[in-house]
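Worksheet: one structure, shown below.
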Amino acid sequence: MFNKILVVCLGNICRSPTAKFMLQQALPDKHIDSAGITAMIRDGKPWNMDDKARTTAKQRGYEFAEHAAQQLSRELLSNHDLILVMDHEQRNHIGKRYPEALAKTMLLGHWLAPGGKEIPDPYRRSDDVYQHVFDLIEKSCNEWKTRL
């Protein structure tokens, strides 16, 4: 049913690539991609995955492939069956800008609490925040793995 999954966050350098790689490892038969509402691109070049996010993952036993930030677009949304976002604001943004994609857009943390749990942005925050966010993403991906 959901064979093509797009994970979305704000800059596409911390949360969404982390979730993308976790889901790819957990669901190798699915196509998983990620994008950012305001993808981190400077001088026409996409940013790589945030060093702290990558280091946190490595400390937890994950090895992630190279990643380049990608801008969210109507084409990306239309090419995926399920869109997973980090917070309600991102879901609302998709609903306003791309209303045709709203019905297939859910929180990555949907299964963590009644009404879903938002996953805060750790960018430029402390190591403890990165650890907390990583835990939320890992729990969320484990929940999605059992349901997909």
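Quick note: the coordinates plus some simple rules give every number you see, no bench work behind them. Note that the structure is predicted; figures quoted are calculated from it, not measured. Here the Cβ is made from the backbone with ideal geometry for all residues, glycine too, and neighbour counts use every protein chain on show.
Some points to look at:
- Shape of the chain, Cα gyration tensor, a/c cut at 1.5: rounded
- Total lysine pairs in the chain at Cα distances under 13 Å, for residues eight or more apart or on different chains: 7.
- Environment charge at TYR123 (Cβ cut-off 10 Å; Lys +1, Arg +1, Asp -1, Glu -1): +2
- Per the Kirkwood formula applied to alpha carbons, the range 39-107 shows a radius of gyration over Rh ratio, Rg over Rh, of 1.04.
- Among SER73, TYR62, ALA113 the positive-end extreme of the charge dipole of the chain (Cβ point charges): SER73
- Local net charge near ARG97, Cβ-Cβ under 12 Å (Lys/Arg +1, Asp/Glu -1): +2
- Leading residue at positive end of dipole, the chain (Cβ point charges), from ILE83, PRO122, GLN24: ILE83
- Shape category assigned to the range 86-125 from the gyration tensor of Cα positions, a/c cut at 1.5: oblate
- Charged side chains reduced to their Cβ positions (Lys and Arg at +1, Asp and Glu at -1) give the chain a dipole of some 160 debye around its Cα centre.
- Reported to the nearest whole Å, the Cα centre-to-centre distance from the range 47-78 to the range 86-117 is 20.
- For the chain, the mean residue ellipticity at 222 nm estimated from helices alone is -12000 deg cm²/dmol, where every DSSP H run of n ≥ 4 contributes -39500 (n - 2.57) and the total is divided by all residues, rounded to the nearest 500.
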